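First comes the structure, then the notes that go with it.
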Amino acid sequence: MDSKLSSEERRRAIICSSLPLFVQKGMSVTTKELASAASVSEALLYKHFSTKEELFQSLKDFCCEAIDRDASELVQNPPSLELLVEGFFFTNIAVFYDHPEEPFTSQEVTALVLRSLLDTGEFATEIHSHFGKYIPYMEDSLSAAIEKGQASNILGKKSDVFWLYHNLVTGTKMTMQPQKATIPYAQEKKKIIREICISGLRMCGVKEESISKLALPLIKKLEIKYFKLLGEKSK
């Protein structure tokens, strides 16, 4: 590891190098292995993290902070169907694509979630709980759409619908996690994301007229914006 790194930069580098090991071994990984992955001595590792549990908590915090960095600007807007569409689209981008400013790939984070689900569920629970704090914004946006006649009232809790949408997104991502998708989707990933967004809006009771006249054109504009940021072309 570069000896010229500041204390904060070195701490960040240790966190980033730890993720693959936590995916492979969970909490059975040793501090010796964590230090080796970071190219530091165990003594230096302990200088920044007193235990591997503290390092794992810092990794969880880092992933949650990434969610906040991407979502905080979005929820500054007033509740509306437009905000609901953007929230759905953003969820897909965050799950399916790598952000150019983040050190972790979407594949790595999904792998750690899967590892967590097969173990104690601690990492998955914390990530989901953090995502959950943005659901009230989506609920308010759906209520605003219902008031404007853009959506119909739905049975049951609105929050459950948003969790089901989240499961739809993450479940689809998991089938695409291997190098070759485990399900032979007929469309490319970008088109699948569009279909997921539209399916989510239908789950929320958004009317077909609102989907065709407002939501779909907005999704296409968002595709151009986000795929340009990610260095890909929108089709």
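The values are calculated or read from the model by the stated rules, or taken from the named source; none is laboratory data. What you see is a predicted model, and the numbers here were worked out from it, not measured in a lab. Cβ coordinates were reconstructed from backbone atoms using ideal geometry, including for glycine residues, and neighbour counts include every protein chain displayed.
Points worth noting:
- Among the residues listed as PHE123, PHE104, the single one being surrounded by 18 or more Cβ atoms within 10 Å (Cβ to Cβ) and in a loop (DSSP other than H, G, I, E, B): PHE104
- Among the conditions (1) in contact with a Phe, Trp or Tyr (Cβ under 7 Å, 6 or more places away or on another chain); (2) of a type in the set (A, V, I, L, M); (3) over 20 Å from GLN24 (Cβ atoms), the only one that LEU112 does not satisfy is (3).
Matching residues to (1) of a type in the set (D, E, K, R); (2) part of a loop (DSSP other than H, G, I, E, B):
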| site | (1), (2) |
| --- | --- |
| VAL109 | no, no |
| ASP119 | yes, yes |
| PHE131 | no, no |
| PRO136 | no, no |
| ASN153 | no, yes |
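- Any hit, region 182-204, residues being in a loop (DSSP other than H, G, I, E, B), of a type in the set (A, V, I, L, M), in contact with a helix residue (DSSP H, G or I) (Cβ under 6 Å, 6 or more places away or on another chain) and not assigned by TED's automatic domain parsing to the domain that holds LEU19: yes
Conditions tested, residue by residue: (1) in contact with a His (Cβ under 6 Å, 6 or more places away or on another chain); (2) of a type outside the set (S, T, N, Q); (3) more than 12 Å from VAL85 (Cα to Cα).
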residue	(1), (2), (3)
ALA145	no, yes, no
SER159	no, no, yes
GLN179	no, no, yes
THR182	no, no, yes
CYS197	no, yes, no
GLY200	no, yes, no
GLU209	no, yes, yes
ILE219	no, yes, no
LEU222	no, yes, no
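- Restricting attention to region 81-101, the residues being part of a loop (DSSP other than H, G, I, E, B), crowded, with 18+ Cβ neighbours inside 10 Å and of a type in the set (D, E, K, R) number 0.
- Meets criteria (more than 18 Å from the chain's Cα centre (by Cα), modelled with pLDDT of 90 or more and crowded, with 17+ Cβ neighbours inside 10 Å) for VAL29: yes
- Selection status of ALA13, in contact (Cβ under 8 Å) with a residue 12 or more places away in the chain and either among the small types (Gly, Ala, Ser) or part of a loop (DSSP other than H, G, I, E, B) (or both): yes
- Residue in region 212-228 that is closer than 23 Å to HIS99 by Cα, in a loop (DSSP other than H, G, I, E, B) and either of a type in the set (D, E, K, R) or under 18 Å from the mean Cα position of the chain (by Cα) (or both) present: no
- Condition met for GLN76 (within 30 Å of CYS197 (Cβ to Cβ) and either out of contact with any helix residue (DSSP H, G or I) (no Cβ under 8 Å at 6 or more places or on another chain) or not assigned by TED's automatic domain parsing to the domain that holds PHE131 (or both)): yes
- Within region 160-204, considering residues that are charged (D, E, K, R) and touching a residue at least 24 places away in the same chain (Cβ under 8 Å), the one nearest to PHE90 (Cα to Cα): ARG194
- Test: residue in region 31-41 that is without any contact (Cβ under 8 Å) to a residue 12 or more places away in the chain, in a loop (DSSP other than H, G, I, E, B) and over 15 Å from GLU108 (Cβ atoms): yes
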